[in-house]
1. Considering R158, R133, R126, which residue is open to solvent by less than 50 Å² (accessible area, probe 1.4 Å), under 22 Å from the mean Cα position of the chain (by Cα) and at pLDDT 85 or above?
2. If Q81 satisfies every condition in (1) loosely packed, with under 10 Cβ neighbours inside 10 Å; (2) at pLDDT below 75; (3) not hydrophobic (A, V, I, L, M, F, W, C) but one, which is the exception?
3. Could you say which residue among R54, R32, R60 is within 17 Å of L74 (Cα to Cα) and among the basic types (K, R)?
4. In this structure, is E138 within 15 Å of the chain's Cα centre (by Cα), open to solvent by 80 Å² or more (accessible area, probe 1.4 Å) and closer than 24 Å to E57 by Cα?
5. Could you list, in sequence order, the residues of the stretch 18-57 that are open to solvent by less than 30 Å² (accessible area, probe 1.4 Å), part of a helix (DSSP H, G or I) and of a type outside the set (D, E)?
6. Would it be correct to say that V144 is under 25 Å from E172 (Cβ atoms) and open to solvent by less than 40 Å² (accessible area, probe 1.4 Å)?
Amino acid sequence: MSRTGSQFDFEALANQHKDAIYRQMLRACGNREDAEDVLIEALLRAYQHLDSLRAAESFRGWLAIIARRVCSNLRERERLQPLLRLTELEEKGHDLASPTPAMEEQMDARYLQTVLRDAVKALPPRLREVYQRRDMDEQPGEQVAAELKISLAAMKSRLHRARLMVRQRLDEALLGRAI
């Protein structure tokens, strides 16, 4: 993929990577319709911000990050939709019960946050730094590797180990609590 002036061949890049991104979004979004919507929105945003792409080789990762953010925003909107409907009903004069989650749900959410925070704190510093930047701060992998002055492969390896360790701690905590 070559640059012509300051432009990449967007159509060629999109055609080359859209199927892989669609498969990722299918897993992330959970259904075909949302995955298709997310892919279309991500491609539109990528096209609009193509001038910020530094290398054609990083297009797929860049598009995946955009798509994950779009999917996350879609989930957030879907999560908030019932609250928006309640607000609309209240504005029309309907008296509604408080939308506050049940005490048990609040306690579960706090417990999960605590377990996750403790799991991340328990990571060795080299793994914690990669996990924090990549998964929690959602920085691109290439950026994380560059900032930490390690190869992309080393960053991916550390991230994989960190995710396994965090997942193991979460599983242990949740299984221990269920008993």
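1. R158
2. (1)
3. R32
4. So E138 fits the description; yes.
5. A20, I21, M25, C29, A35, V38, L39, A42, A46, L50, A56
6. Answer is no for this residue.
The values are calculated or read from the model by the stated rules, or taken from the named source; none is laboratory data. These figures come from a predicted structure and were not determined experimentally. Note that each Cβ is placed from the backbone with ideal geometry, even for glycine, and that neighbours are counted across all protein chains shown. Heads up: the accessible areas ignore ligands, DNA and RNA and are worked out on the full protein's heavy atoms, side chains in. Shrake-Rupley method; radii C 1.70, N 1.55, O 1.52, S 1.80 Å.
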